[in-house]
Amino acid sequence: MFCYQCQEAAKGTGCTIKGVCGKTDEVANIQDLLIYVTKGVSIFAKLAREKGVENEKVNHFVFDALFVTITNANFDYDAIVAKVRSGLKLREEIKNQFLNAGGVLPEKLHGCATWYSDSLEEFERKAKVIGVLSIENEDIRSLKSLITIGLKGMAAYAEHAFNLGYSNNEIFAFMQSALVATTEEKSVDELVALVLECGKFGVDVMALLDKANTESYGNPEITEVNIGVRNNPAILISGHDLKDLEELLEQTKGTGVDVYTHSEMLPGHYYPAFKKYENFVGNYGNAWWKQRDEFETFNGPVLFTTNCIVPPLDKATYTDRIYTTGASGLAGAKHIPARKDGKAKDFSEIIAHAKRCKAPTEIETGKITGGFAHNQVIALADKIVEAVKSGAIRKFFVMAGCDGRMKSREYYTEFASKLPKDTVILTAGCAKYRYNKLELGDINGIPRVLDAGQCNDSYSLAVIALTLKDVFKLDSVNELPIAYNIAWYEQKAVIVLLALLYLGVKNIHLGPTLPAFLSPTVAKVLVDNFGISGIGTVDDDMKLFLN
Ligand code: FSO
Ligand code: SF4
(Lines give C-alpha, C1' and ligand atoms only; values in the text may rest on other atoms or scores of the structure.)
(Ligands and ions follow the chains in the order given, each with its own letter.)
Protein backbone atom coordinates (compact mmCIF):
# COMPACT_ATOMS: atom_id res chain seq x y z
CA MET A 1 0.00 0.00 0.00
CA PHE A 2 0.93 3.62 -0.36
CA CYS A 3 -1.42 6.33 0.88
CA TYR A 4 -0.70 9.97 1.65
CA GLN A 5 -4.12 11.51 1.46
CA CYS A 6 -4.53 12.74 5.04
CA GLN A 7 -2.66 14.83 7.56
CA GLU A 8 -1.59 11.78 9.55
CA ALA A 9 0.36 10.18 6.69
CA ALA A 10 3.17 8.21 8.36
CA LYS A 11 6.39 10.19 8.86
CA GLY A 12 4.77 13.06 6.98
CA THR A 13 5.32 11.20 3.72
CA GLY A 14 2.85 8.31 3.43
CA CYS A 15 1.58 5.11 5.02
CA THR A 16 3.19 2.00 3.57
CA ILE A 17 2.59 -0.91 5.93
CA LYS A 18 -0.62 0.00 7.68
CA GLY A 19 -2.51 3.26 7.83
CA VAL A 20 -2.11 5.41 10.92
CA CYS A 21 -5.91 5.62 10.57
CA GLY A 22 -6.12 1.84 11.00
CA LYS A 23 -6.59 1.02 7.32
CA THR A 24 -4.97 -2.31 6.50
CA ASP A 25 -2.77 -2.95 3.49
CA GLU A 26 -5.61 -4.98 1.88
CA VAL A 27 -8.23 -2.29 2.42
CA ALA A 28 -5.88 0.46 1.16
CA ASN A 29 -5.13 -1.50 -2.02
CA ILE A 30 -8.73 -2.40 -2.76
CA GLN A 31 -9.67 1.26 -2.27
CA ASP A 32 -7.05 2.15 -4.88
CA LEU A 33 -8.64 -0.38 -7.23
CA LEU A 34 -12.05 1.13 -6.59
CA ILE A 35 -10.74 4.56 -7.60
CA TYR A 36 -9.14 2.99 -10.70
CA VAL A 37 -12.42 1.39 -11.75
CA THR A 38 -14.30 4.62 -10.98
CA LYS A 39 -11.98 6.41 -13.39
CA GLY A 40 -12.83 3.79 -16.02
CA VAL A 41 -16.56 4.33 -15.43
CA SER A 42 -15.97 8.08 -15.72
CA ILE A 43 -14.23 7.71 -19.10
CA PHE A 44 -17.37 6.18 -20.61
CA ALA A 45 -19.67 8.49 -18.66
CA LYS A 46 -17.88 11.48 -20.18
CA LEU A 47 -18.04 10.02 -23.69
CA ALA A 48 -21.71 9.13 -23.23
CA ARG A 49 -22.54 12.60 -21.94
CA GLU A 50 -21.09 14.05 -25.13
CA LYS A 51 -23.74 11.95 -26.92
CA GLY A 52 -26.47 13.30 -24.65
CA VAL A 53 -26.61 10.33 -22.28
CA GLU A 54 -26.88 11.09 -18.54
CA ASN A 55 -26.91 8.00 -16.35
CA GLU A 56 -28.07 8.63 -12.78
CA LYS A 57 -26.77 5.29 -11.52
CA VAL A 58 -23.31 6.21 -12.81
CA ASN A 59 -23.41 9.64 -11.17
CA HIS A 60 -24.38 8.04 -7.90
CA PHE A 61 -21.74 5.34 -8.19
CA VAL A 62 -18.94 7.82 -8.87
CA PHE A 63 -19.57 10.07 -5.87
CA ASP A 64 -20.28 7.14 -3.60
CA ALA A 65 -17.07 5.31 -4.60
CA LEU A 66 -15.01 8.45 -4.01
CA PHE A 67 -16.66 9.01 -0.62
CA VAL A 68 -16.05 5.41 0.47
CA THR A 69 -12.28 5.92 0.07
CA ILE A 70 -12.13 9.01 2.29
CA THR A 71 -10.00 8.67 5.41
CA ASN A 72 -11.76 6.83 8.22
CA ALA A 73 -15.00 6.23 6.31
CA ASN A 74 -14.93 2.59 5.29
CA PHE A 75 -12.72 -0.20 6.58
CA ASP A 76 -14.87 -3.03 5.23
CA TYR A 77 -12.86 -4.98 2.63
CA ASP A 78 -15.80 -7.09 1.42
CA ALA A 79 -18.03 -4.05 0.98
CA ILE A 80 -15.35 -2.35 -1.13
CA VAL A 81 -14.81 -5.47 -3.24
CA ALA A 82 -18.56 -5.49 -3.90
CA LYS A 83 -18.31 -1.87 -5.07
CA VAL A 84 -15.45 -2.74 -7.43
CA ARG A 85 -17.63 -5.45 -8.96
CA SER A 86 -20.63 -3.18 -9.34
CA GLY A 87 -18.37 -0.54 -10.90
CA LEU A 88 -17.16 -3.00 -13.52
CA LYS A 89 -20.77 -3.88 -14.32
CA LEU A 90 -21.78 -0.27 -14.55
CA ARG A 91 -18.81 0.51 -16.79
CA GLU A 92 -20.15 -2.05 -19.26
CA GLU A 93 -23.62 -0.53 -19.04
CA ILE A 94 -22.52 3.04 -19.71
CA LYS A 95 -20.18 1.88 -22.46
CA ASN A 96 -23.12 0.17 -24.20
CA GLN A 97 -25.27 3.26 -23.77
CA PHE A 98 -22.52 5.27 -25.44
CA LEU A 99 -22.30 2.80 -28.33
CA ASN A 100 -26.10 2.68 -28.70
CA ALA A 101 -26.14 6.47 -28.90
CA GLY A 102 -23.92 6.19 -31.99
CA GLY A 103 -20.61 6.60 -30.20
CA VAL A 104 -17.42 5.19 -31.66
CA LEU A 105 -14.74 3.96 -29.24
CA PRO A 106 -11.50 5.98 -29.27
CA GLU A 107 -8.49 4.14 -30.67
CA LYS A 108 -6.66 4.27 -27.39
CA LEU A 109 -8.38 3.78 -24.07
CA HIS A 110 -6.72 3.98 -20.66
CA GLY A 111 -6.31 0.63 -18.88
CA CYS A 112 -8.91 1.57 -16.29
CA ALA A 113 -11.51 1.55 -19.07
CA THR A 114 -10.55 -1.88 -20.37
CA TRP A 115 -9.14 -3.93 -17.50
CA TYR A 116 -11.58 -6.56 -16.34
CA SER A 117 -11.53 -9.48 -14.00
CA ASP A 118 -13.88 -11.48 -11.90
CA SER A 119 -11.26 -12.99 -9.65
CA LEU A 120 -10.30 -11.67 -6.26
CA GLU A 121 -6.74 -12.81 -6.84
CA GLU A 122 -6.46 -10.62 -9.93
CA PHE A 123 -8.13 -7.71 -8.05
CA GLU A 124 -5.38 -7.90 -5.47
CA ARG A 125 -2.60 -8.19 -8.04
CA LYS A 126 -3.91 -5.30 -10.10
CA ALA A 127 -4.51 -3.11 -7.04
CA LYS A 128 -0.80 -3.21 -6.25
CA VAL A 129 0.30 -1.73 -9.58
CA ILE A 130 -2.22 1.06 -10.16
CA GLY A 131 -1.81 3.11 -6.94
CA VAL A 132 -0.56 6.65 -6.55
CA LEU A 133 3.10 5.65 -7.01
CA SER A 134 2.41 4.35 -10.51
CA ILE A 135 2.75 7.98 -11.63
CA GLU A 136 6.50 8.54 -11.87
CA ASN A 137 6.82 12.31 -12.13
CA GLU A 138 6.58 13.71 -8.61
CA ASP A 139 4.84 16.95 -9.57
CA ILE A 140 2.29 15.32 -11.85
CA ARG A 141 1.63 12.74 -9.14
CA SER A 142 1.19 15.52 -6.61
CA LEU A 143 -1.25 17.50 -8.76
CA LYS A 144 -3.26 14.46 -9.83
CA SER A 145 -3.46 13.41 -6.19
CA LEU A 146 -4.54 16.89 -5.14
CA ILE A 147 -7.32 16.75 -7.74
CA THR A 148 -8.47 13.25 -6.75
CA ILE A 149 -8.36 14.16 -3.07
CA GLY A 150 -10.35 17.36 -3.67
CA LEU A 151 -12.89 15.31 -5.64
CA LYS A 152 -13.27 12.94 -2.69
CA GLY A 153 -14.25 15.86 -0.47
CA MET A 154 -16.60 17.18 -3.16
CA ALA A 155 -18.16 13.72 -3.43
CA ALA A 156 -18.93 13.58 0.29
CA TYR A 157 -20.82 16.87 0.14
CA ALA A 158 -22.57 15.87 -3.10
CA GLU A 159 -23.78 12.70 -1.42
CA HIS A 160 -25.27 14.54 1.57
CA ALA A 161 -27.09 16.93 -0.78
CA PHE A 162 -28.26 14.01 -2.92
CA ASN A 163 -29.68 12.27 0.13
CA LEU A 164 -31.90 15.30 0.64
CA GLY A 165 -33.03 15.26 -3.00
CA TYR A 166 -30.65 17.94 -4.28
CA SER A 167 -28.25 17.29 -7.10
CA ASN A 168 -26.54 19.11 -9.94
CA ASN A 169 -25.46 17.30 -13.08
CA GLU A 170 -22.81 19.93 -13.79
CA ILE A 171 -21.06 18.96 -10.57
CA PHE A 172 -21.26 15.27 -11.49
CA ALA A 173 -19.97 16.00 -15.00
CA PHE A 174 -17.04 17.95 -13.56
CA MET A 175 -16.18 15.20 -11.09
CA GLN A 176 -16.12 12.63 -13.84
CA SER A 177 -14.18 14.71 -16.35
CA ALA A 178 -11.62 15.65 -13.70
CA LEU A 179 -11.18 11.95 -12.90
CA VAL A 180 -10.69 11.30 -16.60
CA ALA A 181 -8.07 14.08 -16.72
CA THR A 182 -6.05 12.20 -14.10
CA THR A 183 -5.76 9.30 -16.57
CA GLU A 184 -4.45 11.55 -19.34
CA GLU A 185 -1.10 13.15 -20.08
CA LYS A 186 -1.32 16.70 -18.81
CA SER A 187 1.18 19.46 -18.17
CA VAL A 188 1.74 20.99 -14.74
CA ASP A 189 -0.02 24.17 -15.90
CA GLU A 190 -3.07 22.28 -17.13
CA LEU A 191 -3.32 20.41 -13.87
CA VAL A 192 -2.93 23.58 -11.78
CA ALA A 193 -5.84 25.07 -13.75
CA LEU A 194 -7.88 21.96 -12.99
CA VAL A 195 -7.07 22.27 -9.28
CA LEU A 196 -8.56 25.77 -9.32
CA GLU A 197 -11.61 24.55 -11.23
CA CYS A 198 -12.00 21.97 -8.49
CA GLY A 199 -12.23 24.90 -6.07
CA LYS A 200 -15.02 26.46 -8.13
CA PHE A 201 -17.02 23.25 -8.01
CA GLY A 202 -16.16 22.98 -4.33
CA VAL A 203 -17.99 26.28 -3.80
CA ASP A 204 -20.88 25.02 -5.93
CA VAL A 205 -21.24 21.75 -4.05
CA MET A 206 -21.13 23.44 -0.65
CA ALA A 207 -23.70 26.01 -1.81
CA LEU A 208 -25.89 23.13 -3.00
CA LEU A 209 -25.56 21.33 0.32
CA ASP A 210 -26.27 24.54 2.21
CA LYS A 211 -29.45 24.98 0.16
CA ALA A 212 -30.40 21.34 0.75
CA ASN A 213 -29.85 21.59 4.51
CA THR A 214 -31.54 24.95 5.04
CA GLU A 215 -34.50 24.28 2.76
CA SER A 216 -35.05 20.92 4.44
CA TYR A 217 -34.45 21.84 8.06
CA GLY A 218 -34.47 25.66 8.30
CA ASN A 219 -31.60 28.06 8.89
CA PRO A 220 -29.32 27.21 11.82
CA GLU A 221 -29.97 29.54 14.74
CA ILE A 222 -28.21 30.37 18.00
CA THR A 223 -28.59 27.29 20.18
CA GLU A 224 -27.32 26.14 23.53
CA VAL A 225 -26.50 22.45 23.36
CA ASN A 226 -26.54 20.35 26.51
CA ILE A 227 -23.37 18.30 27.03
CA GLY A 228 -24.65 16.38 30.04
CA VAL A 229 -26.85 13.26 30.02
CA ARG A 230 -30.29 12.02 31.07
CA ASN A 231 -31.20 8.72 32.61
CA ASN A 232 -32.60 6.95 29.53
CA PRO A 233 -31.06 4.42 27.18
CA ALA A 234 -29.70 6.22 24.14
CA ILE A 235 -28.21 6.15 20.66
CA LEU A 236 -25.15 8.19 19.69
CA ILE A 237 -25.17 9.43 16.11
CA SER A 238 -21.89 10.48 14.48
CA GLY A 239 -20.76 11.63 11.04
CA HIS A 240 -22.36 14.35 8.93
CA ASP A 241 -25.56 13.07 7.30
CA LEU A 242 -28.61 15.09 8.35
CA LYS A 243 -31.10 12.88 6.52
CA ASP A 244 -29.98 9.96 8.67
CA LEU A 245 -30.36 12.15 11.76
CA GLU A 246 -33.89 13.12 10.75
CA GLU A 247 -34.97 9.52 10.18
CA LEU A 248 -33.39 8.34 13.41
CA LEU A 249 -35.17 11.08 15.40
CA GLU A 250 -38.46 10.27 13.75
CA GLN A 251 -38.11 6.57 14.52
CA THR A 252 -36.95 7.00 18.14
CA LYS A 253 -39.71 9.51 18.97
CA GLY A 254 -41.84 8.20 21.83
CA THR A 255 -39.79 5.00 22.25
CA GLY A 256 -38.08 6.06 25.49
CA VAL A 257 -34.73 6.06 23.66
CA ASP A 258 -32.76 9.32 23.65
CA VAL A 259 -30.52 10.52 20.84
CA TYR A 260 -27.18 12.31 21.33
CA THR A 261 -24.80 13.66 18.72
CA HIS A 262 -21.07 12.98 18.57
CA SER A 263 -18.32 15.00 16.86
CA GLU A 264 -19.47 16.45 13.52
CA MET A 265 -23.16 15.72 14.16
CA LEU A 266 -23.26 18.38 16.92
CA PRO A 267 -24.53 21.09 14.51
CA GLY A 268 -27.69 19.00 13.99
CA HIS A 269 -28.92 20.76 17.14
CA TYR A 270 -28.74 24.16 15.44
CA TYR A 271 -31.50 23.37 12.89
CA PRO A 272 -35.05 24.45 13.81
CA ALA A 273 -36.57 21.25 12.38
CA PHE A 274 -34.81 19.05 14.92
CA LYS A 275 -35.74 21.09 17.98
CA LYS A 276 -39.18 19.54 18.15
CA TYR A 277 -37.80 16.15 19.18
CA GLU A 278 -38.01 15.94 22.95
CA ASN A 279 -35.64 12.95 22.94
CA PHE A 280 -32.89 14.84 21.06
CA VAL A 281 -30.97 15.44 24.25
CA GLY A 282 -27.55 16.89 23.54
CA ASN A 283 -24.00 16.27 22.40
CA TYR A 284 -21.91 13.57 24.04
CA GLY A 285 -18.14 13.91 24.03
CA ASN A 286 -15.76 15.56 21.64
CA ALA A 287 -14.12 15.17 18.25
CA TRP A 288 -13.97 11.84 16.43
CA TRP A 289 -10.56 10.74 17.70
CA LYS A 290 -11.75 10.54 21.30
CA GLN A 291 -14.26 7.84 20.45
CA ARG A 292 -12.31 4.93 21.94
CA ASP A 293 -12.93 6.41 25.41
CA GLU A 294 -16.26 8.07 24.82
CA PHE A 295 -18.00 5.10 23.21
CA GLU A 296 -17.07 2.96 26.21
CA THR A 297 -18.86 5.28 28.63
CA PHE A 298 -21.77 6.05 26.33
CA ASN A 299 -23.06 2.52 27.01
CA GLY A 300 -25.51 2.48 24.09
CA PRO A 301 -25.26 1.85 20.34
CA VAL A 302 -23.40 4.24 18.05
CA LEU A 303 -24.49 4.99 14.49
CA PHE A 304 -21.84 6.15 12.00
CA THR A 305 -23.37 7.98 9.06
CA THR A 306 -19.93 8.89 7.60
CA ASN A 307 -16.34 9.25 8.77
CA CYS A 308 -14.51 9.49 11.08
CA ILE A 309 -14.37 5.91 12.40
CA VAL A 310 -11.49 4.73 14.57
CA PRO A 311 -11.42 0.92 14.42
CA PRO A 312 -11.99 -0.33 17.99
CA LEU A 313 -9.20 -2.10 19.86
CA ASP A 314 -9.58 -5.82 20.64
CA LYS A 315 -10.24 -5.04 24.27
CA ALA A 316 -13.02 -2.52 23.46
CA THR A 317 -16.39 -3.35 24.97
CA TYR A 318 -18.39 -1.30 22.48
CA THR A 319 -17.49 -3.12 19.25
CA ASP A 320 -20.84 -4.89 19.03
CA ARG A 321 -22.61 -1.58 19.60
CA ILE A 322 -21.29 -0.04 16.37
CA TYR A 323 -23.61 0.39 13.38
CA THR A 324 -22.67 1.96 10.05
CA THR A 325 -24.73 3.30 7.19
CA GLY A 326 -24.22 5.15 3.90
CA ALA A 327 -20.61 5.32 2.72
CA SER A 328 -19.25 4.23 6.09
CA GLY A 329 -18.33 0.65 6.90
CA LEU A 330 -16.42 -1.46 9.38
CA ALA A 331 -15.88 -5.20 9.17
CA GLY A 332 -17.97 -6.88 11.85
CA ALA A 333 -20.25 -3.89 12.41
CA LYS A 334 -23.88 -4.08 11.36
CA HIS A 335 -24.50 -1.99 8.22
CA ILE A 336 -27.94 -0.36 7.92
CA PRO A 337 -28.93 -0.63 4.24
CA ALA A 338 -29.68 2.34 1.96
CA ARG A 339 -33.17 3.78 1.42
CA LYS A 340 -35.24 1.91 -1.10
CA ASP A 341 -38.31 2.90 -3.08
CA GLY A 342 -38.50 6.28 -1.34
CA LYS A 343 -38.83 4.66 2.09
CA ALA A 344 -36.81 5.72 5.15
CA LYS A 345 -33.88 3.61 6.39
CA ASP A 346 -34.89 1.05 8.98
CA PHE A 347 -33.29 1.85 12.33
CA SER A 348 -35.45 -0.58 14.34
CA GLU A 349 -32.55 -2.90 15.16
CA ILE A 350 -30.40 -0.15 16.64
CA ILE A 351 -33.39 1.19 18.61
CA ALA A 352 -34.10 -2.29 20.02
CA HIS A 353 -30.39 -2.58 20.85
CA ALA A 354 -30.46 0.74 22.73
CA LYS A 355 -33.35 -0.49 24.90
CA ARG A 356 -31.14 -3.32 26.18
CA CYS A 357 -28.39 -0.88 27.22
CA LYS A 358 -27.70 1.29 30.26
CA ALA A 359 -28.11 5.06 30.05
CA PRO A 360 -24.93 6.98 29.16
CA THR A 361 -22.42 7.72 31.92
CA GLU A 362 -22.00 11.43 32.47
CA ILE A 363 -18.58 12.71 31.41
CA GLU A 364 -19.32 16.43 31.32
CA THR A 365 -22.05 18.86 32.29
CA GLY A 366 -23.05 22.25 30.99
CA LYS A 367 -23.78 23.74 27.61
CA ILE A 368 -22.00 24.86 24.47
CA THR A 369 -23.34 27.48 22.09
CA GLY A 370 -23.42 27.35 18.30
CA GLY A 371 -25.60 27.98 15.28
CA PHE A 372 -23.73 30.90 13.72
CA ALA A 373 -24.20 29.96 10.08
CA HIS A 374 -24.53 32.75 7.50
CA ASN A 375 -28.20 33.56 8.05
CA GLN A 376 -27.79 33.96 11.80
CA VAL A 377 -24.57 35.97 11.56
CA ILE A 378 -26.00 38.23 8.87
CA ALA A 379 -28.99 38.83 11.15
CA LEU A 380 -26.45 40.11 13.69
CA ALA A 381 -24.53 42.09 11.06
CA ASP A 382 -25.40 45.53 12.48
CA LYS A 383 -24.07 44.55 15.89
CA ILE A 384 -20.92 43.04 14.36
CA VAL A 385 -20.24 46.01 12.08
CA GLU A 386 -20.68 48.38 14.99
CA ALA A 387 -18.27 46.33 17.10
CA VAL A 388 -15.70 46.42 14.31
CA LYS A 389 -16.14 50.15 13.73
CA SER A 390 -15.87 50.98 17.42
CA GLY A 391 -12.75 48.82 17.72
CA ALA A 392 -14.44 46.41 20.15
CA ILE A 393 -13.62 43.65 17.64
CA ARG A 394 -10.10 44.03 16.29
CA LYS A 395 -9.87 40.90 14.22
CA PHE A 396 -11.65 37.68 13.25
CA PHE A 397 -9.79 34.38 13.08
CA VAL A 398 -11.17 31.67 10.86
CA MET A 399 -10.08 28.52 12.68
CA ALA A 400 -12.26 26.05 10.80
CA GLY A 401 -11.35 22.54 9.73
CA CYS A 402 -10.67 19.27 11.46
CA ASP A 403 -9.41 17.95 14.72
CA GLY A 404 -7.07 14.99 15.01
CA ARG A 405 -5.13 13.02 17.57
CA MET A 406 -1.64 14.43 16.98
CA LYS A 407 -0.14 16.20 19.94
CA SER A 408 0.86 19.09 17.70
CA ARG A 409 -2.82 20.05 17.55
CA GLU A 410 -2.60 21.36 21.10
CA TYR A 411 -1.34 24.42 19.21
CA TYR A 412 -4.96 25.30 18.38
CA THR A 413 -6.15 25.23 22.00
CA GLU A 414 -3.21 27.36 23.06
CA PHE A 415 -3.70 29.72 20.13
CA ALA A 416 -7.40 30.19 20.93
CA SER A 417 -6.72 30.81 24.62
CA LYS A 418 -3.92 33.29 23.91
CA LEU A 419 -5.90 35.34 21.41
CA PRO A 420 -6.52 38.88 22.71
CA LYS A 421 -10.00 39.50 24.11
CA ASP A 422 -10.93 41.82 21.24
CA THR A 423 -10.80 39.01 18.68
CA VAL A 424 -13.46 36.55 17.53
CA ILE A 425 -13.00 32.98 16.26
CA LEU A 426 -15.11 31.86 13.31
CA THR A 427 -15.22 28.10 13.17
CA ALA A 428 -16.77 25.10 11.43
CA GLY A 429 -15.88 21.41 11.39
CA CYS A 430 -14.57 19.27 14.21
CA ALA A 431 -11.58 21.62 14.70
CA LYS A 432 -13.83 23.51 17.14
CA TYR A 433 -13.45 20.86 19.84
CA ARG A 434 -9.97 22.20 20.49
CA TYR A 435 -11.47 25.38 22.01
CA ASN A 436 -15.27 25.28 22.15
CA LYS A 437 -15.34 24.42 25.81
CA LEU A 438 -12.89 27.13 26.91
CA GLU A 439 -14.49 30.08 28.65
CA LEU A 440 -13.59 32.71 26.04
CA GLY A 441 -16.45 35.07 26.87
CA ASP A 442 -18.17 37.52 24.54
CA ILE A 443 -17.81 40.99 23.06
CA ASN A 444 -20.92 43.12 23.59
CA GLY A 445 -23.00 39.94 23.61
CA ILE A 446 -21.26 38.40 20.56
CA PRO A 447 -19.63 35.11 21.67
CA ARG A 448 -15.91 34.95 20.96
CA VAL A 449 -16.33 31.55 19.28
CA LEU A 450 -18.89 31.59 16.51
CA ASP A 451 -19.56 28.03 15.35
CA ALA A 452 -21.17 27.87 11.90
CA GLY A 453 -21.55 24.08 11.92
CA GLN A 454 -19.92 21.16 10.14
CA CYS A 455 -16.85 21.37 7.90
CA ASN A 456 -19.12 21.90 4.88
CA ASP A 457 -20.54 24.95 6.67
CA SER A 458 -17.20 26.60 6.03
CA TYR A 459 -19.26 27.78 3.08
CA SER A 460 -21.15 29.91 5.61
CA LEU A 461 -17.89 31.51 6.71
CA ALA A 462 -17.16 32.42 3.08
CA VAL A 463 -20.66 33.91 2.68
CA ILE A 464 -20.13 35.92 5.89
CA ALA A 465 -16.76 37.21 4.63
CA LEU A 466 -18.23 38.18 1.25
CA THR A 467 -21.15 39.95 2.97
CA LEU A 468 -18.83 41.89 5.28
CA LYS A 469 -16.73 42.85 2.27
CA ASP A 470 -19.83 44.45 0.72
CA VAL A 471 -20.96 46.07 3.96
CA PHE A 472 -17.55 47.70 4.41
CA LYS A 473 -17.44 48.50 0.68
CA LEU A 474 -14.08 46.81 0.14
CA ASP A 475 -12.66 45.55 -3.15
CA SER A 476 -11.44 42.24 -1.85
CA VAL A 477 -12.11 39.82 1.01
CA ASN A 478 -8.42 40.07 1.81
CA GLU A 479 -8.89 43.67 2.99
CA LEU A 480 -11.16 42.51 5.82
CA PRO A 481 -9.75 42.13 9.33
CA ILE A 482 -9.91 38.34 8.99
CA ALA A 483 -7.00 35.94 9.39
CA TYR A 484 -7.15 32.27 8.40
CA ASN A 485 -5.54 29.70 10.66
CA ILE A 486 -7.04 26.46 9.44
CA ALA A 487 -6.51 22.91 10.71
CA TRP A 488 -6.91 20.08 8.24
CA TYR A 489 -7.12 16.33 8.55
CA GLU A 490 -8.83 14.71 5.63
CA GLN A 491 -10.09 15.22 2.12
CA LYS A 492 -13.17 17.32 2.87
CA ALA A 493 -10.88 19.93 4.34
CA VAL A 494 -8.94 19.87 1.07
CA ILE A 495 -11.99 20.78 -1.00
CA VAL A 496 -12.83 23.51 1.53
CA LEU A 497 -9.30 24.87 1.08
CA LEU A 498 -9.55 24.78 -2.72
CA ALA A 499 -12.93 26.54 -2.49
CA LEU A 500 -11.42 29.33 -0.39
CA LEU A 501 -8.58 29.72 -2.89
CA TYR A 502 -11.10 29.93 -5.71
CA LEU A 503 -12.93 32.70 -3.81
CA GLY A 504 -9.68 34.64 -3.75
CA VAL A 505 -8.78 34.20 -0.08
CA LYS A 506 -5.05 34.68 0.40
CA ASN A 507 -2.48 33.98 3.13
CA ILE A 508 -4.18 30.95 4.63
CA HIS A 509 -2.13 29.23 7.32
CA LEU A 510 -2.60 25.48 7.20
CA GLY A 511 -1.62 23.11 9.97
CA PRO A 512 -0.59 21.26 11.92
CA THR A 513 1.51 20.09 8.97
CA LEU A 514 1.33 20.72 5.24
CA PRO A 515 -0.05 17.87 3.10
CA ALA A 516 2.37 15.07 2.25
CA PHE A 517 0.92 14.98 -1.25
CA LEU A 518 2.27 18.43 -2.11
CA SER A 519 5.58 18.10 -3.93
CA PRO A 520 8.03 20.97 -3.34
CA THR A 521 7.12 22.45 -6.75
CA VAL A 522 3.37 22.27 -6.14
CA ALA A 523 3.78 23.66 -2.63
CA LYS A 524 5.73 26.56 -4.16
CA VAL A 525 2.89 27.25 -6.63
CA LEU A 526 0.50 27.53 -3.66
CA VAL A 527 2.89 29.74 -1.71
CA ASP A 528 3.68 32.04 -4.64
CA ASN A 529 0.12 32.46 -5.88
CA PHE A 530 -1.92 32.28 -2.70
CA GLY A 531 0.47 32.98 0.14
CA ILE A 532 -0.31 29.64 1.77
CA SER A 533 1.93 28.77 4.67
CA GLY A 534 2.23 26.34 7.55
CA ILE A 535 2.12 27.18 11.22
CA GLY A 536 4.95 28.08 13.58
CA THR A 537 4.89 28.51 17.33
CA VAL A 538 1.79 30.02 18.91
CA ASP A 539 3.65 33.14 20.04
CA ASP A 540 5.34 33.77 16.71
CA ASP A 541 2.12 33.22 14.79
CA MET A 542 0.19 35.44 17.14
CA LYS A 543 2.62 38.30 16.48
CA LEU A 544 2.47 37.68 12.75
CA PHE A 545 -1.33 37.62 12.64
CA LEU A 546 -1.86 40.65 14.82
CA ASN A 547 0.59 42.94 13.05
FE1 FSO B 1 -14.01 16.20 11.11
FE2 FSO B 1 -13.75 13.67 10.25
FE3 FSO B 1 -15.95 17.18 9.10
FE4 FSO B 1 -13.71 15.51 8.40
S5 FSO B 1 -15.18 14.37 11.73
S6 FSO B 1 -12.41 15.25 10.14
S7 FSO B 1 -12.83 17.22 7.36
O8 FSO B 1 -14.52 13.82 8.63
O9 FSO B 1 -15.35 16.01 7.76
O10 FSO B 1 -14.53 17.88 10.20
FE1 SF4 C 1 -2.30 6.94 6.21
FE2 SF4 C 1 -4.11 8.89 6.17
FE3 SF4 C 1 -3.96 7.16 4.16
FE4 SF4 C 1 -4.90 6.39 6.54
S5 SF4 C 1 -5.81 7.85 5.10
S6 SF4 C 1 -3.47 5.26 5.24
S7 SF4 C 1 -3.55 7.59 7.90
S8 SF4 C 1 -2.40 8.67 4.76
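Which pairs, out of Lys276/Lys421; Lys243/Lys506; Lys200/Lys418; Lys23/Lys407; Lys437/Lys492; Lys126/Lys343, put more than 31 Å between their alpha-carbon atoms?
Going by Cα-Cα distance, Lys276/Lys421; Lys243/Lys506; Lys200/Lys418; Lys126/Lys343 fall outside the 31 Å limit.
Just to verify a number: FRET efficiency for Thr365 and Leu120, C-beta to C-beta distance, R0 = 56 Å, to 0.05?
0.65
Please list, by residue number, everything in region 294-319 whose backbone N is under 12 Å from a paramagnetic label point 7 Å out along Cα→Cβ of Lys358.
296-300
When a/c is below 1.5 the answer is rounded, else prolate if a/b is larger than b/c, else oblate, so apply that to region 223-355 with a ≥ b ≥ c taken from the square roots of the Cα gyration tensor eigenvalues.
Since a/c stays below 1.5, the shape of region 223-355 is classed as rounded.
Carbon and sulfur atoms: what percent of the 1.4 Å accessible area of region 436-547 do they account for?
C and S fraction of accessible area: 55 percent.
If I take every Cα pair under 8 Å that is 6 or more residues apart in the chain, average their sequence separation and divide by the length, what percent do I get for the relative contact order?
The normalised contact order for the chain reaches 17 percent.
Under 1.5 on a/c is rounded, so check that first for the chain, then, if it is not, pick prolate when a/b is larger than b/c and oblate when it is not; a ≥ b ≥ c are the square roots of the alpha carbon gyration tensor eigenvalues.
Judged from the Cα gyration tensor, the chain comes out oblate (a/c at least 1.5, b/c at or above a/b).
What's the local net charge at Val525, with K and R +1, D and E -1, over the other residues with C-beta under 12 Å away?
-2
Determine ³J(HN,Hα), in whole Hz, for all residues of region 363-371 in sequence, where each value follows from phi through the Karplus function 6.51 cos²θ - 1.76 cosθ + 1.60 and θ = phi - 60°; x replaces Gly and Pro.
3J(HN,Hα) across region 363-371, in whole Hz: 10, 8, 9, x, 9, 10, 10, x, x.
Counting helices only, and only those DSSP H runs with n ≥ 4, report the 222 nm mean residue ellipticity of the chain as the sum of -39,500 (n - 2.57) divided by its residues, in deg cm²/dmol to the nearest 500.
-14000 deg cm²/dmol
Taking amide H positions as placed 1.01 Å from N in the peptide plane, with prolines and chain starts having none, which residues 5 or more places from Phe396, or on another chain, fall under 5 Å of its amide H?
The answer is Val424, Ile482, Ala483.
Tell me, what ³J(HN,Hα) does each residue in region 172-183 have, in order and in whole Hz, if you take phi through Karplus 6.51 cos²θ - 1.76 cosθ + 1.60 with θ = phi - 60° and put x for Gly and Pro?
Here the 3J(HN,Hα) series is 4, 4, 5, 4, 5, 6, 5, 4, 4, 4, 6, 9 Hz.
Please return the longest stretch of the chain lacking exposed loop sites, where chymotrypsin sites (Phe, Trp or Tyr not before Pro) count only if DSSP places them in a loop and at most 13 other Cβ atoms lie within 10 Å.
Answer - 117-471.
Quick check of the Kirkwood formula: for region 10-216, what is the inverse mean of 1/r over all pairs of different Cα atoms, in Å?
Final number for the Kirkwood radius of region 10-216 is 17.5 Å.
Taking 0.36 nm per residue of sequence separation and subtracting the Cα-Cα distance, how much length would be gained by fully extending the chain between Lys200 and Lys506, in nm to one decimal?
Contour length minus Cα-Cα distance gives 108.6 nm.
Once each part is reduced to its C-alpha centroid, what is the distance from region 52-85 to region 174-245 in angstrom?
The distance from the Cα centre of region 52-85 to that of region 174-245 comes to 16 Å.
Please turn the phi angles of region 149-157 into ³J(HN,Hα) values with the Karplus equation 6.51 cos²θ - 1.76 cosθ + 1.60 (θ = phi - 60°), one per residue in order, whole Hz, x for glycine and proline.
5, x, 5, 4, x, 4, 4, 4, 5
The values are calculated or read from the model by the stated rules, or taken from the named source; none is laboratory data. This structure is a prediction, so every number in the text was calculated from the model and none was measured. Note that each Cβ is placed from the backbone with ideal geometry, even for glycine, and that neighbours are counted across all protein chains shown. These area figures cover heavy atoms from the full protein model, side chains too; ligands, DNA and RNA do not enter into them. Shrake-Rupley method; radii C 1.70, N 1.55, O 1.52, S 1.80 Å.
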